[in-house]
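Asker: One structure coming up, written as structure tokens, with questions to follow.
Readers should treat all values here as calculations from the given coordinates under stated rules, not as data from a laboratory. Quantities reported herein were computed from a predicted structural model and do not represent experimental measurements. Ideal geometry is used to build each Cβ from the backbone, glycine not excepted, and the neighbour counts take in all protein chains shown.
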Amino acid sequence: MDLAQQLVRSCVRSFFTEEPKLVIVVDALILHSALRDDDLAYLMGMNTKELHKLCGALKEQRYLAVHSRPETKEGQQRPINRTYYFIDYRATIDAIKWRVYLIDKEVQGNTVPALERMEWFCPRCKSEYTTLAVLDRVGPRGFLCKKCDFDLQQVTEETGGHEMSTKLNAQFKFITDLLPKIDSVIIPENTFEKALASAVRVQRDSTNPASETAPIDPSSEKPTAVKGMKNLEPTKISVTLTATDGPTAADIAAEKERKLKNAAQNAMPSHFTHSTVSGEQVKLAHDSSIPSSLAVDDKKDIALDSPSANAESAEIDDYFARLKAEQAREAEKEQDEEYETDDEEDEFEDVPTGSGVGTPASSFGGDGKLPSAPGASGLSSVLKRTGSASGSGTSTGVTSPVTGPNTPNDDGRPAKKVRIEEPAAKEEPESEEDMEFEDV
């Protein structure tokens, strides 16, 4: 640990020469192991807001680590988050190695071979050429561009060499000497809990007392009523291979024990099974000594296997068969009735239209009497005209004095009623010649 602390102190002083406050922060963390933000601000003589900004730069360079936890003050229930700073030496050593590697690679420069380097460029068209590419274009003042015939200029780029590498190695000698020693030993892991356990308390004066806080147990912060928080441990799965079909004797015994346990849990209380006055047991319809769940299961099994159950099922099937046949007969009967009704509606009797049949008198303004039709064969009674209920003008509703509505025919059947509609008079359009004009 001493080698790691020595390396961190040296690197901070080498890389942050323009920020002395950063060096003080790192020295304070090495001395106190872990510091709260208000204690570190008290040592630095600044407020916590400026301290957080200052420590942010060190955190980006992996020179310190940050940890926050909820704490409560004395007399308050609402927790507040407190920030702690400490140094994770393993992460800091890795960051130092990476930074030294980048600096060394930058100092060594470009590793492109000399024959492939673009050592000549054109100021006009910005073209670049190697030395071999410009040897065939020589002008009075030097090499010429192949595109615009302008004079080329040589690139004066400083490349890394032995001199810069030697200078770098001399400056980083303290790092290169400590890194092999650190790699040969095991650096202990410095977590927040370990750093806080070995922390050195900050001594404050009476004018700036520290605020005493107590950390909150993380387990008490976790919700316990949220769905899915129970049984977070990995579950165990057991597989049993048996050579017999169906449940084994152990499974049957376990199932029976489970049913008995459920029956005991669902047992009725004593004030339901015993009288509260005399204390005698109330006689129930079923035997209370047998668990209800087992009794129900046994009844179900007996009911399914009994002959009465089979007879009832056969009777139910017979009933549904008869019901289906009855429904089919009723549907066929309704269909036949519909066909008969349609035949009756479509049946009409032909009325002869011979010369012997007279025209209804009502159409010519007569008294409503119909003359006899001697030439009509098949009709023995005078046709009667029936009036509609709505008083339609197409029928007169006058009954013949000779025959009534129920006058029997020659073969003994009553005469049928026939509705005769009078043709509507067509209105002829008035011609222009018939129109009379009145002189004004």
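Asker: R0 = 41 Å: FRET efficiency of Leu135 with Ala170, Cβ-based, nearest 0.05? Don't skip to the end; give the middle numbers.
Answerer: On the way: r = 40 Å, r/R0 = 0.99.
Rounded to the nearest 0.05, the efficiency is 0.50.
Asker: Using 19 Å as the Cα-Cα cut-off, could you pick out the over-long pairs in Lys126/Lys146; Lys105/Lys181; Lys21/Lys53; Lys53/Lys105? Mind dumping the intermediate values first?
Answerer: Numbers: Lys126/Lys146 12 Å; Lys105/Lys181 23 Å; Lys21/Lys53 12 Å; Lys53/Lys105 31 Å.
Distance filter (> 19 Å) returns Lys105/Lys181; Lys53/Lys105.
Asker: What distance in nm lies between label points placed 7 Å from Cα along the C-beta direction at Val23 and Arg329?
Answerer: 11.8 nm
Asker: Compute the FRET efficiency between Arg90 and Asp149 as 1/(1 + (r/R0)^6), taking r as their Cβ-Cβ distance and R0 = 51 Å, and round to the nearest 0.05.
Answerer: Details: r = 62 Å, r/R0 = 1.21.
With R0 = 51 Å, the Cβ-Cβ based efficiency is 0.25.
Asker: What number comes out for the charge environment of Leu40, summing +1 per Lys or Arg and -1 per Asp or Glu over other residues with Cβ under 14 Å away? Let's see the in-between values first.
Answerer: Working: positive: Lys21, Arg36, Lys49, Lys53, Lys59, Arg82, Arg201, Arg204; negative: Asp27, Asp37, Asp38, Asp39, Glu50.
Combined, the nearby Lys, Arg, Asp and Glu give +3.
Asker: Kirkwood hydrodynamic radius (Cα pairs, Å) of segment 42-189? Mind showing how you got there, number by number?
Answerer: Numbers: mean 1/r = 0.0468 Å⁻¹.
One over the average 1/r among Cα pairs gives 21.4 Å for segment 42-189.
Asker: Same structure, new question: Which FRET efficiency value, to the nearest 0.05, do you get for Ala264 and Asn47 by plugging their Cβ-Cβ distance into 1/(1 + (r/R0)^6) with R0 = 51 Å?
Answerer: Values: r = 68 Å, r/R0 = 1.34.
It comes out at approximately 0.15.
Asker: So how compact is segment 19-98: Cα radius of gyration and Dmax in angstrom?
Answerer: For segment 19-98, the Cα-based Rg and Dmax read 13.6, 48 Å.
Asker: Using alpha-carbon positions, what is the distance between the centroids of segment 1-26 and segment 151-216, in Å?
Answerer: Taking the Cα centre of segment 151-216 as reference, the centre of segment 1-26 is 5 Å away.
Asker: Can you compute the modelled spin-label distance between Gln5 and Lys181, with each label point 7 Å from Cα toward Cβ, in nm?
Answerer: Label at Gln5, label at Lys181, 1.4 nm between them.
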